[in-house]
Each structure stands twice: as structure tokens, then as C-alpha cells.
Amino acid sequence: MKRLLLGLNFFIFPIAFINAQQFNTAVKNAFIITRMAEKFHVQPRQLNDEFSSNIFDQLLKQLDEDKIFFTTGDISELSKYKFDLDDQIKKRQETFLSAITKIYSDRISRVDTMIDNICKYPFNFSLPEKITSEEDSSYPSNEKALRLKLYKNLKSSALDNILDDDSIITLNSSQKKKYMDALEPIARLKAKKSFKHSINLILQGAGGIQQYIGDEYCKAISVCYDPHTEYFPLSEKEDFESQIGRQQMVFGFTCKEDDDGSVKIETILPGSPSFKSGQVNKGDKLLSIQWEDKLPIDVSSGGLKQLYEVMGMSNHDKATLKIKKQDGSERSVILFKEKMESDNEANKVKSFLLKGIKTVGFISLPSFYQDWEDESAGANGCANDVAKEILKLKKENIEGLIIDLRYNGGGSMQEAIELSGIFIDVGPVGMEKGKDAKMVTLKDVNRGTIYDGPLMIMVNGYTASAAEMLAGTLQDYHRAVITGTPTYGKATAQVILPMDTTISFEKDISKIKTDSYFKVTVSQLYRVNGTTAQAKGVQPDVFLPDMLEVHPQRESGNSYTLISLPVEGNKYFKPYPANDLDNLRTLAQQKIDGSSYFRRLKNYIDFEKADEKEEVSLQFSVAMDKEKKALQKNVSADSVIIEKAPYTIENNVFEKKQLEVNDKLKEMNDQWTKFLSKDPYLQIAYDMILLMIK
């Protein structure tokens, strides 16, 4: 491997001294992005010094988020371009790109060598070393300081790898020492691979480091308009599609690789094993895959290539995927591969019967079927499948219905409109405003409802986009009670366009092929009462605390988030009578106060907030003590005794027949049933909907 890297260095780094021709594509695309944004973006920004400064800061963040490549001297040298990028974009100049590529090439080469040298020697975790907040958030002053920071970051990563095994806490002192001695080389190698992974991706890229920086430059320009406006090089799509295209038997998710080699789930195929499991969502991070009767394989930092190799080991065995949810909790999910047909119309939406004092229907909708970019709706759309499932539940004489939108990242706006229409009569369900400031009413044009009984919607901080629109509409109409935490806060719509300034929405652009694409925010979404969920989210009627309170990640926390001011509500909007929320809130608080889970959760939140110190210890004994306290506060279902559910969970009669003849489906169903039986949020939702039924 060392020879390979030396060879790469020989061919890649001398070309840091590049000429204008090598950045032609980047400067051309940068110019096109600004022209297309001016033409299509709902709130286009002026190309001025302020925008230039934003691009400069954003690019540095993308190239060196952990501040382990550039020094303060490098930043000082590059800062002369900070307020000049707007002019360089207009004139299609490459001076800044040439300068930053030269420095970045040199730094990434040096850091690559430093990582090898640092990781030659064991880490001594008995030393009282630490990473201070100032060290973590600033660029090193010189190369010596850079090496020290890199050493501490590698050591911290290795220590985290060691502490991932909770069993170490139960060992005595001599056992811990033996354990540490045995595990330290493995943890150090894993840390080394993780840090070098991002470097290798750059060095081994098809276009080399200059294309990488050119693409990042265009991405930085795009995201400075708003968090959801993006530049897409064609190669990224093609590489990914070629990987997943080899899999005939699939779990049903696509992934996106982060710079550190970790892999997150990007999309879920409707009706696939992942979708039907109800446990997998967009944004989940894959930690390991364990094939039946085999040991788990760590896929947490090996990138897409390793993931697809592991996923391709079997088409027929059972796999247990360990995933980390966006709130930090971990789950083990059992999946079987299936051959997915394009016309697959099997149960894409999963429902259960909660049988207690009353029979209540439960529908899980982990994702919408289309993204914002595809607003087509048809007979096999998400709304239609939910309607079919409701009809099955109604045959079981349900008296209430709970729909779970937690972790639902949204999808097609049209599907949100169709879904709203299932529960309300004909009328407006939202409003949309484009660049021309003209307000367009989004309507449910179908008279009548499919379900008009008591309805509850479960949400959390990762309920976003069209899922928020649905929750907000039903809340405005008083048609449903929203329970959980405030939603993500994305109320904008995007389209993906080929990089071409001559296109317009009046023309058919589906056949236009370009080397790259531009996803641009074209409209803002409003609720029927004139308010918006943008940057605020949908506020639940009944608040149920969760772990997202510790480190909330919402639209308002992004840079360059669009601000939408309230508008006049739709004059044809006529809400139903208001729900009695006071009694529901009182009941929920009583359940929270009497729940061992929520008491443990409060202690965990208090512990995490109090522990947000300005330093990270690299001493094993200190880190171990912190980990021990964290485990004592653990709020996972396995660590807390969850009160017995006030209901049993059953399948509807249609699905029971399928489970009788499909062992794989039955095992996944049993897994889901077990999870729901321990879900403290669902238990409170059930108790509240009983009150609504009364």
C-alpha cells in the first residue's frame, strides 16, 4: 500500500502547479450555478462581497472540517481571496482555485505521511492528555501544532473504538490492562484507516485533487443559497448506481458515504425488506452486518466499497444490521434480501392492531415514496397504499388510528396533499409561493374521507418536508392530535435541473443530458392558516421528551437557512371543532411522571447537558469513568424496564394469511411487534387516543 501511495504522490502532487485549462469546467459551472440560481431560486442572493465571504468559509469547512490540514498561515495566505470570489465567478477566473489547490495538495500529502508515522507507535492511554475546546475549534498555528492535533485526534478515535465494547467496564484492573494491550493495536489501525480513508478518496479520484476541489467549490457556492440547494457532479450518481445495480437480491436501501468512510442510508425502496421492517430510516448510520451463524462485520468506516462487498456475501441468509439512529440510539434489525420487481405492489405500508380496552389501528410510514424532485402521483403512490391499509383496519372495527411519522424525511408534496385528503373533506391543505411571489393554493379535490375517527400523528425532530406538511395540515384542521417533539423545519421545495442556463419550466427538460446537475430551491411552503414550518417545525399538541433534546439537529441550525415570514391564511380554510388538548396533556404528563423510562430519560438528558465540557480527556481511566456513567444513564429498551403495554399487538386478517406461508416475513413481523411492545411513546399515544375515543 505504501508503494501505491508513493506512486500516487508522484503523479498527483506535482500537478498542483496547474494552468488555467485544468479548471475550465469548475469555473464554467460556478458561473452557471449563479446564473441558474438568479433565474430559479426562490430567494436568490446577490453575488457580492458578503456572498464571496460565505463561499470562502464554506469551502474551507468542506475541505477541512476538523481543521487538521490547513494551518493559520495557510488561512492567512488564502484570505486575500475572501472578498474576491464574486468577481472571479463573474469573470470565470481560476486564480483562487489554483492557489488553494497548491496549498491543499501539499498539506494533504504531509498529513498522509504524519498519520503513518504517528500510528507506528502504540498510544499510551495512561497519560493525562486532553483535547481542549480551543484546540478542537481552531486551525493549528504551525506544522508542529498540526502534528500534535492530528496525534490527539487519532488517539481520541482509537479510544472511542476501545470503549465501544461495553463489556470492558465489568473487568477488573488486571483484566482491563490485558484487554487494552490486546485491543490497542486494532483500535489504532482502525483509527488510521478511518483518517486515511478521506485522503485516499481524494487521491484516487478519477480527476485527481484538482477535480475534487473544483467540485467542492461548486458545492460550496450552491449551499450558500440555502442548505437544500446542491451541485451534483454526474460521476457521483454514476459510481453509486453502478454499485447497487449489481445487486439482484436487495435489502432495499441506497447509501451515501461520508468523508470518514462511514455510510448513511440515503433512500429506502417502498415495499422492500428495509421498508417493511419499519426500523430503517433515511439518515441511519450502518455500524455492522452479521450474516446468520457468522460473526459481525464492522462496516462503520470502510466506505461504500466495503459495504457492498459485505452485502454481496449472501443472497439467501438472514442478516442482522446494527444501525445508529440520528438521535444516537442503536438498534439491531433483522433483514432478508428480496428480489424487487418494478411492479411490486405487495404491502408497502405496514399496519397493526393495538388490542386493549379499545381496538386501535397503527400505521407506520417510515418514508414517502418520492422525493421533492418527482412530484408524480399515481394509483400506486404512498397515499393510495395508506388508504388501502386503513380499509383493512376498518374491517377489524378500529375505533381510533395512530400514524407514526417519526424519522419520516418526507417526499412528494403531491403525496402529502393526497394523504391529507384521506382524513379531511375537499378543501385547501397548504399554500406554495415561488420566486414570482404568487401564492398557489394546494387543494384536496376529492370529496369525502376514508377515515373520520379519532386520529393521532406521532412525530419527532427528524419528521421533515412533506411529512411536516401533512402533520401541519391535520393540526390546522383540528383533524388530528400531533404528539412528540417539534419537527425538523423544512418547508421548501426543490427540483433537479441539468446545468443549462437556457432551460425553463415551460419546456420538457427530461431529455436534456449534461455532465452535472443543479438541485435548486424553487418555492416556499405555507400552512393553510398562513404560518410556515420553515426553520420552526410543527409544534406538537402534546410534547413527549426524547433524546433529541440533547443535541437537536434541525433546519434552524443549518447555515444559510431561508427565513419565511407568515402570510395571510387561506380564506376558504374552515377547521373542524378543536380537540380537548388540556386533558390529553394532563394524561400524558401523568404517564411521563409515572414511567421509569421517562425518569431515566430525564436523568440522561441532564447528565449529557451537564457533561458538555470544553475538553475531551484522552486518559483511559477518565474516559472509562465517563462511559460508565453514561451507561448507567442509558435509556435504550434493553437497559430500562418498560411498563407492560396496555394492549396486545396483532396483524390484520389479510396479513395473517401472508405470515402463515412466509417465514421470513413472519420473523421480521415478530421483530417489529417486539419493538412496538416496548415503545413507551406508542403506549402514551394509545392511552391518549382512548381518551379521544371517549
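The values are calculated or read from the model by the stated rules, or taken from the named source; none is laboratory data. Every value quoted in this text rests on a predicted model; they were computed, and no experiment measured them. Here the Cβ is made from the backbone with ideal geometry for all residues, glycine too, and neighbour counts use every protein chain on show. Each accessible area value is taken on the protein alone, full model and side chains, heavy atoms only, with ligands, DNA and RNA left out. Shrake-Rupley method; radii C 1.70, N 1.55, O 1.52, S 1.80 Å.
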Point to revise | Check on E373, of a type in the set (D, E, K, R), modelled with pLDDT under 80 and open to solvent by 20 Å² or more (accessible area, probe 1.4 Å) | key: yes
**Study point:** Residue that is nearest to the chain's Cα centre (by Cα), among those in the stretch 273-297 that are surrounded by fewer than 22 Cβ atoms within 10 Å (Cβ to Cβ) and farther than 19 Å from S329 by Cβ
**Key:** I297
Practice item. Give the stretch 467-497 a look and list any residue that's acidic (D, E) and open to solvent by 10 Å² or more (accessible area, probe 1.4 Å), or say none. Key: D476
**Study point:** Any hit, the stretch 182-199, residues being open to solvent by 60 Å² or more (accessible area, probe 1.4 Å), closer than 25 Å to M114 by Cβ and either at pLDDT below 85 or among the acidic types (D, E) (or both)
**Key:** no
Practice item. For I108, indicate whether it is within 30 Å of I33 (Cβ to Cβ) and either open to solvent by less than 60 Å² (accessible area, probe 1.4 Å) or hydroxyl-bearing (S, T, Y) (or both). Key: yes
Practice item. Test T673 against the criterion of being at pLDDT 85 or above and either farther than 16 Å from G356 by Cβ or open to solvent by 70 Å² or more (accessible area, probe 1.4 Å) (or both), and give yes or no. Key: no
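Residue-wise test of (1) out of contact with any Gly (no Cβ under 7 Å at 6 or more places or on another chain); (2) modelled with pLDDT of 75 or more.
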residue: L335; (1), (2): yes, yes
residue: S342; (1), (2): yes, no
residue: K355; (1), (2): yes, yes
residue: F362; (1), (2): yes, yes
residue: Y369; (1), (2): no, no
residue: A377; (1), (2): yes, no
residue: D385; (1), (2): yes, yes
residue: L391; (1), (2): yes, yes
residue: K394; (1), (2): yes, yes
Review point. Does K219 count as over 29 Å from E330 (Cα atoms), of a type in the set (D, E, K, R) and modelled with pLDDT of 90 or more?
Key: yes
Review point. Which condition number does K130 fail, the rest of (1) closer than 30 Å to L163 by Cβ; (2) open to solvent by less than 70 Å² (accessible area, probe 1.4 Å); (3) in contact (Cβ under 8 Å) with a residue 24 or more places away in the chain being met?
Key: (2)
Check your understanding: If we keep just the residues of the stretch 270-303 that are under 24 Å from D327 (Cβ atoms) and among the hydrophobic types (A, V, I, L, M, F, W, C), which is modelled with the lowest pLDDT?
Key -> F275
Review point. If you go through the stretch 396-407 one residue at a time, do you hit one that is surrounded by 23 or more Cβ atoms within 10 Å (Cβ to Cβ) and more than 18 Å from G361 (Cβ to Cβ)?
Key: yes
Practice item. Kindly indicate whether any position in the stretch 213-225 is on the phi > 0 side of the Ramachandran plot and in a helix (DSSP H, G or I). Key: no
Revision key, fill the gap. Flagged in the stretch 10-42 as in a loop (DSSP other than H, G, I, E, B) and either modelled with pLDDT of 95 or more or under 15 Å from Q88 (Cα atoms) (or both), in numbering order, are H41, V42
Check your understanding: Within the stretch 80-127, can you find the residues that are of a type outside the set (K, R), over 30 Å from L47 (Cα atoms) and assigned to a loop (DSSP other than H, G, I, E, B)?
Key -> C119, Y121, P122, F123, N124, F125, S126, L127
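Within the stretch 526-639, considering only helices (runs of 4 or more DSSP H) that don't extend past its boundaries, which have at least 1 residues that are surrounded by fewer than 16 Cβ atoms within 10 Å (Cβ to Cβ), at pLDDT below 90 and among the aliphatic types (A, V, I, L, M)? Please lay out each step first, then the result.
Values: elements: 581-593, 596-610, 620-632.
Fully inside the stretch 526-639 and qualifying: 596-610, 620-632.
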Study note, to complete from the structure: By residue number, the members of the stretch 135-181 that are in contact with a Ser or Thr (Cβ under 7 Å, 6 or more places away or on another chain) and open to solvent by less than 70 Å² (accessible area, probe 1.4 Å) are Y139, P140, L146, S157
Revision key, fill the gap. Conditions (1) open to solvent by less than 40 Å² (accessible area, probe 1.4 Å); (2) touching an Asp or Glu at 6+ places or on another chain (Cβ under 9 Å) -> R447 fails only (1)
**Study point:** Any pair with Cβ under 7 angstrom, 6 or more apart, that starts in the stretch 273-301 at a residue that is more than 18 Å from F352 (Cα to Cα) and charged (D, E, K, R) and ends at one that is open to solvent by 10 Å² or more (accessible area, probe 1.4 Å) and at pLDDT below 85
**Key:** K282/E266; K282/T267; K282/I268; K282/S367; E292/D317; E292/K318
